[in-house]
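Heads up: the structure comes next, in structure tokens.
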Amino acid sequence: MIYLNGEFMPVSEAKVSVMDRGFLFGDGVYEVIPIYSKRPFRLAEHLRRLQASLDGIRLANPHSDAEWSTLIGRIVDAADYPDQQVYLQITRGTDEKRNHAFPKVVRPTVFMMSELLLPPPPEQRERGISAVSAADNRWLRCDLKSTSLLANCLLRQQAVEAGCAETVLFRDGFLSEGAASNIFVVKDGILLAPNKSHLMLAGITYDVILELALAHGLPHEVRDVREEEVRAASELWMTSSTKEVLPIVSLDDRPVGDGKPGQVFGQMYGWYQKFKQSVMHRRG
Ligand code: PDD
């Protein structure tokens, strides 16, 4: 079951026009929301970021938060599995002609689906993952969760072709994020996270990690992180809603720290799991 423009239907029956601006221009925004035991994790935060992305591309939100919550609940209930990832996207709809400027009357296309959410395989957590680096050649509104992801796809493919899991991006000598994740650094016992700006997506998981660092008294700094600091890090992590937090143990074929998942990662992973459990429990 998927949701498309007011209706629930099997995915095989869902059709979108070739004149849709999402198809023609990548003119849309999206969210990926993790669902644990059929309950959305950090829904309010995801909906807030969705609103910011919509504002950023000047597209009216087709639904109130309460309506989104109901729609998400219905799509989640329709799937068998308890842990899911809900994907939702809103495009600027169709026009009669292909025209860069906005249509005079905008009827957004609203699409939502839910897929099984599998945690990363345990060996990725136990042995760590490898990454490559690349120059961040994306546009200057990386804070918007836009469906225009061509640059991200090309960058992620570089990792895949090098047998790696992620591409770490640097812009003008500073860390921005991963091709589809945020990146954290541990150096001299301090957790470093880049400042939120137009150069990276403000990850929902990024916020959880920083909240946990604060709650557990882990020294941390949110500031511009230089490429040299990343290359000299004792630990490197990637975070996202679908991967939670994973240790990067090799960057460009060189070991990060001692080449094994670090001690601070181990702590953070434990805190994250506990936090997830407690939130789900409380809301249940
Ligand atoms: N991507 N930065 C980028 C470029 C991303 O694509 C993502 C997540 C993140 C992490 O954000 P969050 O913690 O809110 O998931 C950072 C999603 C999962 C995706 O595109 O599938």
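A short reminder: the numbers here are calculations on the coordinates, not readings from a lab. Not measured: the values here are computed from a predicted model. Every residue, glycine among them, receives a Cβ derived from its backbone with ideal geometry; neighbour counts consider all protein chains shown.
What the table below lists for this structure:
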item	result
Over 20 Å (Cα to Cα) - which of 145/243; 187/243; 145/276; 38/274 fall in this group	187/243; 145/276
Rounded to the nearest 20 debye, dipole of the stretch 122-281 from Cβ charges on Lys, Arg, Asp, Glu	380 debye
